[in-house]
Amino acid sequence: MPDTLNADNVLDGFTDTVVTVGIGASAGGIQAIKAFFEKVPVNTNIAYVVILHLSPNRDGKLAEVLRSFSRMPVVKVIQKVKVVPNHIYVIPPDRHLLMADGHIAVSPNLDSEDSRAPVDIFFRTLAASHGPAAICVVLSGTGGDGSTGLKRIKELGGAVFVQSPREAEYNEMPRNAISTGLVDAIMPVADIPSAILAYRNNLASFPAEMNTAAKPEENQNALLEIFTQLRLRTGHDFTNYKRPTLVRRIERRVMIKNLPNLTAYAGFLQQNAEEVHALLKDMLISVTNFFRDKKAFEAIQHDVLPRIIKDKNAEDQVRIWVAGCATGEEAYSIAMLCAEQTLNVIDAPKIQIFATDIDEPAITHARSGYYSINETADVTQERLRRFFNKEGDGYRVRREIREMVLFANHNFIKDPPFSHLDMISCRNVLIYLTRRAQERVMETFHFALNTGGYLFLGTSESIDASGNLYEVISRDEHIYKSRQVALRAYPLPDAVPVLHIDPANAAGHIISKPEIKQEHFTYGHLHQLLLEQYAPPSLVVNQEYDIVHLSERAVPYLQLAGGEPSQNLLKLIRPEMRLE
């Protein structure tokens, strides 16, 4: 088998991990849990952990209820215990739990955030400790608890099953889970145990199908067909992504659909357009949360932002780029920290945060600034009061924070970067890219940062691919600083025709391949040729915001109104884009 398919087993890094099913529910959940376990065989070689979203002051009798009919031992977790197969573990509602090293540890809820979304927090720790061996189940309940945590399950390769809302006594938890678009199966609760067993069996057997040397060409052809279907039907090209990572995501879809191999899945993909978009959703899982990795954000708050802001005044601008912003929580977290830093500064600089992603639905969510009570579980009560407005069952980021952030659809591998930046935050994206793509991104970020600007990476990422472009500020928190190096040529995007500008010619002669006759170009010609080739729609304005030139693709963003004609961008831009 070629190296590109020697992936690493689906359970890479989790080979000794017990497959564990996490079950979350609230109102009406006890009956659903009973119906679930009545269909679970005695010897499944799976461990089950149950948590109900109840008032912390209510010590439910769930363990006693389960013991009355379950054929497996039921353990009420009140201290650290080892997780073993064929056991049911019940977490009291007033406890915060952590799963690690094959154990469950519980502690009292010290923070209000712990009690706001216990199922979400449970699913996160289950995902972190079990990876692809984590399976979560969302049953009857009110509210949206579980819908945020299940994203982490999917990000790390696990599976998600949800009780059919039509059957659930209270359908809000199932419906909120389904609305994420990441649920693998929706079914009556009595059918979920058999689906879990089928998934578990595939989890154990499918890598053998992938790693066998018997069908290398067949598997390669199947993968080629799958990637082609993705590119043709969605426009997304995964050339720069690590092949083993992509294969694992595809394997998971094969197992969920209970298909025998990649070839069968490629055929299924051709016949089912909706599966192409389901696969894309798995490839582009937008997983984040407010102030993710608390210690890292404390370092940004206390060490990085004060250094950035201290030498700036009201005439200056703090420019920050959040690359791969997903649904916006990270960008707004940094905006809140900036607001806190400049609160009592008389001549505080303007804050401008650029937040970008290739996932358009995620960007749309981010622009709205609206988050459920579960999505804001990591925000302190003080920050909720200061930076959010209560709206329905959730919270909307206040306008003054939203106006700090400009969201845009942007591919930082291929699209031109922002410039003159004080900080870039790009977290948990580089781990999915090839070594070559990582090197390119590091060069792009260095080009975009001011000398001495800061780079903030995810907990599993480092500057190893950057050569000598950065120095370490905090290795533990993955914070780095841009070094001044010899002038480097910024590499043009790979996916476009390469245009070479002759630096010896101040007028801007252009030589393309194949070579064409040189001729003199105006700045308008230069702008048109360069930007139409590989840049997003763009325009040039003067100091009064009058348009002096624009690319052809920028026209749909403008709108002529009645009255005296104008060339002013602020008057011509479509009304819905004026705030941006």
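One table, with the values for the structure above:
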quantity	calculated
Cβ-Cβ under 7 Å pairs, at least 6 apart or on other chains, region 273-289 side under 22 Å from GLY149 (Cβ atoms) and acidic (Asp, Glu), far side assigned to a loop (DSSP other than H, G, I, E, B) and open to solvent by 20 Å² or more (accessible area, probe 1.4 Å)	none
Qualifying positions in region 543-556 - loosely packed, with under 15 Cβ neighbours inside 10 Å and assigned to a helix (DSSP H, G or I)	GLU552, ARG553, VAL555, PRO556
Criterion violated by ILE346 - all others in (1) modelled with pLDDT of 90 or more; (2) not in a strand (DSSP E or B) satisfied	(1)
Residue in region 1-14 that is at pLDDT 85 or above and either surrounded by fewer than 20 Cβ atoms within 10 Å (Cβ to Cβ) or hydroxyl-bearing (Ser, Thr, Tyr) (or both) present	no
Single condition GLY131 does not satisfy, out of (1) part of a loop (DSSP other than H, G, I, E, B); (2) at positive phi	(1)
Verdict on GLU382 being open to solvent by 10 Å² or more (accessible area, probe 1.4 Å) and within 21 Å of PRO417 (Cβ to Cβ)	no
Residue match in region 400-410 (condition: part of a strand (DSSP E or B), out of contact with any Lys or Arg (no Cβ under 7 Å at 6 or more places or on another chain) and surrounded by 20 or more Cβ atoms within 10 Å (Cβ to Cβ))	yes
Subset tally (residues that are modelled with pLDDT under 90 and either open to solvent by less than 10 Å² (accessible area, probe 1.4 Å) or in contact with a helix residue (DSSP H, G or I) (Cβ under 7 Å, 6 or more places away or on another chain) (or both)) for region 36-51	2
Cross-chain or 6+ apart pairs with Cβ under 9 Å, region 462-481 first and in contact (Cβ under 8 Å) with a residue 24 or more places away in the chain and part of a loop (DSSP other than H, G, I, E, B), then surrounded by 12 or more Cβ atoms within 10 Å (Cβ to Cβ) and small (Gly, Ala, Ser)	LEU469/SER482; ASP476/ALA296; ASP476/ALA299; GLU477/ALA296; GLU477/ALA299; HIS478/ALA296; HIS478/GLY458; HIS478/SER462
Neighbours by Cβ (under 6 Å, 6+ apart or cross-chain): first from region 225-251, surrounded by 15 or more Cβ atoms within 10 Å (Cβ to Cβ); second in a strand (DSSP E or B) and of a type outside the set (Ser, Thr, Tyr)	ASN240/LEU433
Conditions (1) more than 14 Å from the chain's Cα centre (by Cα); (2) in a loop (DSSP other than H, G, I, E, B); (3) over 21 Å from SER372 (Cβ atoms); number of the one not met by GLY157	(1)
Residues satisfying the stated conditions in region 290-314, i.e. of a type in the set (Asp, Glu) and in contact (Cβ under 8 Å) with a residue 60 or more places away in the chain	ASP293, ASP303
Pairs, first assigned to a helix (DSSP H, G or I) in region 191-202, second open to solvent by 40 Å² or more (accessible area, probe 1.4 Å), C-beta under 6 Å, six or more apart	PRO193/LYS39; ALA198/ASN258
Positions within region 411-433 being part of a loop (DSSP other than H, G, I, E, B) and under 21 Å from TYR470 (Cα atoms), in sequence order	PHE412, ILE413, PRO416, PRO417, PHE418, SER419, HIS420, ARG427, ASN428, VAL429
Enumeration of residues in region 370-399 that are in contact with a Ser or Thr (Cβ under 8 Å, 6 or more places away or on another chain), among the polar types (S, T, N, Q) and assigned to a strand (DSSP E or B)	SER372
Checklist (1) surrounded by fewer than 21 Cβ atoms within 10 Å (Cβ to Cβ); (2) in contact (Cβ under 8 Å) with a residue 24 or more places away in the chain applied to TYR265, failing item	(1)
Those residues of region 470-495 which are open to solvent by less than 40 Å² (accessible area, probe 1.4 Å), of a type outside the set (S, T, N, Q) and either within 26 Å of the chain's Cα centre (by Cα) or modelled with pLDDT of 80 or more (or both), in sequence order	TYR470, HIS478, ILE479, TYR480, PRO493
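Yes/no matrix, rows are residues, columns are (1) in contact (Cβ under 8 Å) with a residue 24 or more places away in the chain; (2) more than 30 Å from LYS310 (Cα to Cα); (3) open to solvent by 70 Å² or more (accessible area, probe 1.4 Å):
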{"residue": "ALA355", "(1), (2), (3)": "yes, no, no"}
{"residue": "ALA362", "(1), (2), (3)": "yes, yes, no"}
{"residue": "GLY369", "(1), (2), (3)": "yes, no, no"}
{"residue": "SER372", "(1), (2), (3)": "yes, yes, no"}
{"residue": "ASP393", "(1), (2), (3)": "yes, yes, yes"}
{"residue": "VAL397", "(1), (2), (3)": "yes, no, no"}
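The values are calculated or read from the model by the stated rules, or taken from the named source; none is laboratory data. These numbers come from a predicted model, not from an experiment. Don't worry about glycine lacking a Cβ; one is built from the backbone with ideal geometry, like all the others, and counts go over all protein chains shown. All accessible areas refer to the heavy atoms of the entire protein, side chains included, with ligands and DNA or RNA removed. Shrake-Rupley method; radii C 1.70, N 1.55, O 1.52, S 1.80 Å.
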